[in-house]
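Asks: The structure that follows is given in the form of C-alpha cells.
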Ligand SMILES: *Cc1c(COP(=O)(O)O)cnc(C)c1O
C-alpha cells in the first residue's frame with residue numbers, strides 16, 4: 001500500500017487553488033494543531049471516534065501519576081472529582097445551546113436514553129404512545145422497546161419528515177417524541193424545532209439524540225424549548241474511546257425528573273448515607289454511581305480544542321468542508337451516488353455515498369489512508385470533523401474516492417472480508 005498521493009497535499013489544478021483559498025477563508029477555525037493525528041491519513045471517522053486532542057495525554061498523565069498516584073482519595077475534594085460531571089456538563093452545554101445547570105456528563109448514551117424515556121413516562125401519566133424514527137440508531141430503538149414495556153407505551157414509528165403530522169393525528173395519547181437531530185447513516189439534519197413544537201402542541205415531550213450534532217452545529221436546546229437530550233462524548237467531542245455521554249434536562253423539568261436509576265451520586269446529600277433516596281434538586285439527579293474519572297477528565301481536556309470558537313463558526317467551516325467535498329467529486333467526475341442532502345440546512349457534518357460494494361469501497365479507501373466507515377446495507381459514511389480537517393484534506397479524500405471507484409480497486413479480494421467492527 002502506498003500513501004504517496006496523500007503526502008502530496010499541495011494539490012495542483014483549479015480545485016487545489018480553490019481548496020487553498022477556502023482554507024484561508026476559514027483559517028480562524030483551523031484547530032489542526034490542537035490534535036495529534038498521523039500525517040499519512042485523512043481521518044473521516046470523527047463521527048465514530050473523534051481524533052486525539054493534543055492536550056489530552058499530558059492531562060491524563062498528570063491525573064494518573066499526581067491526582068491518583070500521589071493524592072489518592074484526597075483528590076475527590078482537592079481536584080473536585082465530585083463536581084466533574086456537572087462541570088464538564090456545562091462545557092458540553094455551551095456547545096449545544098444549554099445554559100449552565102442542565103447538562104451532566106455521565107454513563108453512556110444508551111443508559112441516558114433509558115433514564116429519559118422512563119422519566120418522561122412518569123411525567124405524562126395516562127398517555128400511551130411514544131413516537132420514534134424507525135431509522136434511528138439501533139440502541140435508541142432497543143432501549144425504547146424495553147422502556148415502553150415498563151411504561152405501558154406502544155411504539156409508533158414515524159420518519160422525522162412525517163412526525164409533526166403524526167403527532168397532530170395521534171394527539172393527547174402521545175407522551176414522548178424521541179428523535180435524532182442528524183441521521184447517523186445519511187447525515188440528514190432534521191427539523192428539531194418543527195418536531196419539538198408539534199409535540200408540545202399536543203402536550204407531549206420531545207427528546208433529542210445529539211450524537212451526530214453535538215460539537216459540529218448549533219442545536220439551540222434552550223432556544224428551541226427542547227425537553228431532554230442525550231449524546232456521546234467520544235464522537236465529535238473527541239473524549240476518547242468509551243468516553244462518558246451527556247444528558248440534558250430542561251430547567252423547568254428538573255423538579256419532576258425522576259431518574260429510574262436512583263443511585264447515590266444523584267442524591268441530595270450523598271455523604272449523609274441515609275437509608276432513603278432523595279434526589280438532588282439540580283441536574284445532579286441524573287447521575288447514578290461513580291463516574292469513570294479518567295475518561296471524564298480526558299473529555300474535559302479534549303473540549304479545550306473548542307476554546308475561543310463559536311459553534312456558529314464551527315458550523316460554517318463544517319458546511320464549507322462538506323459542500324466542497326461534493327464540488328470536488330463533481331469536478332473530478334467521480335461516479336458516485338451521494339445520499340446526503342445538498343441543501344445546507346438539511347445536512348449534518350457528513351457526506352454519505354451509496355454503493356452496492358460499500359464495505360469493500362471503505363476498505364480500499366482505508367488502505368489508501370482515507371478512513372471512513374460503512375453502515376448497512378450500502379452506505380459509505382464519511383464524517384467531516386471540522387476542527388481538524390482542511391479543504392486540502394477534503395480534496396485529497398475526494399481524489400482517492402474518485403480513483404477507487406474509477407479503477408474498481410474495491411473488487412480486489414483483500415477488500416472483500418468483513419471485520420467485527422465496521
Ligand atoms: C453512536 C450513537 C449511539 C451510541 O450509544 P452508546 O451508548 O455510546 O454506545 C447512540 N445513538 C446514536 C444516534 C449514535 O449515533
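The values are calculated or read from the model by the stated rules, or taken from the named source; none is laboratory data. Small disclaimer: the values here were computed from a predicted structure and weren't measured. Glycine also receives a Cβ, built like all others from the backbone with ideal geometry; neighbour counts cover every protein chain displayed.
Asks: Taking helices (runs of 4 or more DSSP H) that do not extend beyond the range 47-145, which have at least 3 residues that are under 21 Å from residue 257 (Cα atoms) and touching a strand residue (DSSP E or B) at 6+ places or on another chain (Cβ under 7 Å)?
Replies: Qualifying helices (runs of 4 or more DSSP H): 84-96, 109-123.
Asks: Considering the range 143-156 alone, what residues qualify as being within 16 Å of the ligand (Cβ to nearest atom) and farther than 28 Å from residue 294 by Cβ?
Replies: 144, 145, 146, 147
Each row is one residue, and each column tells you yes or no for (1) closer than 18 Å to residue 19 by Cα; (2) in contact (Cβ under 8 Å) with a residue 60 or more places away in the chain.
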{"site": "369", "(1), (2)": "no, yes"}
{"site": "375", "(1), (2)": "no, yes"}
{"site": "380", "(1), (2)": "no, no"}
{"site": "392", "(1), (2)": "yes, yes"}
{"site": "396", "(1), (2)": "yes, yes"}
{"site": "399", "(1), (2)": "yes, yes"}
{"site": "402", "(1), (2)": "yes, yes"}
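Asks: Also: Only one of 105, 116, 143, 111 is free of Cβ contacts under 8 Å to residues at least 60 places away in the same chain and surrounded by 14 or more Cβ atoms within 10 Å (Cβ to Cβ); which?
Replies: The match here is 143.
Asks: Examine the range 268-278 for a residue that is modelled with pLDDT of 95 or more and either buried (at least 18 other Cβ atoms within 10 Å of the Cβ) or within 16 Å of the ligand (Cβ to nearest atom) (or both), and state whether such a residue exists.
Replies: Checked against the condition, which is being modelled with pLDDT of 95 or more and either buried (at least 18 other Cβ atoms within 10 Å of the Cβ) or within 16 Å of the ligand (Cβ to nearest atom) (or both), the range 268-278 yields no hits at all.
Asks: How many residues does the range 218-239 hold that are closer than 25 Å to residue 137 by Cα and either modelled with pLDDT under 95 or out of contact with any strand residue (DSSP E or B) (no Cβ under 7 Å at 6 or more places or on another chain) (or both)?
Replies: Residues in the range 218-239 being closer than 25 Å to residue 137 by Cα and either modelled with pLDDT under 95 or out of contact with any strand residue (DSSP E or B) (no Cβ under 7 Å at 6 or more places or on another chain) (or both): 12 in total.
Asks: Anything in the range 177-219 that is over 18 Å from residue 164 (Cβ atoms) and more than 14 Å from the ligand (Cβ to nearest atom)? List them, or say none.
Replies: 217, 218, listed by residue number.
Asks: If I ask for residues that are part of a loop (DSSP other than H, G, I, E, B) and within 11 Å of the ligand (Cβ to nearest atom), which ones from the range 224-238 would you list?
Replies: Pass one, the range 224-238, residues part of a loop (DSSP other than H, G, I, E, B): 224-227, 232-238.
If the condition is that a residue be part of a loop (DSSP other than H, G, I, E, B) and within 11 Å of the ligand (Cβ to nearest atom), then 232, 233, 234, 235, 236 are the ones that fit.
Asks: Also, I was wondering about something else. So, in the range 45-69, exactly how many residues are touching a helix residue (DSSP H, G or I) at 6+ places or on another chain (Cβ under 6 Å) and either within 16 Å of the ligand (Cβ to nearest atom) or in contact (Cβ under 8 Å) with a residue 24 or more places away in the chain (or both)?
Replies: Residues of the range 45-69 that are touching a helix residue (DSSP H, G or I) at 6+ places or on another chain (Cβ under 6 Å), as a first pass: 53-56, 59-60, 63, 67.
If we keep only those that are either within 16 Å of the ligand (Cβ to nearest atom) or in contact (Cβ under 8 Å) with a residue 24 or more places away in the chain (or both) too, we end up with 53, 55-56, 59-60, 63.
So the count comes out to 6.
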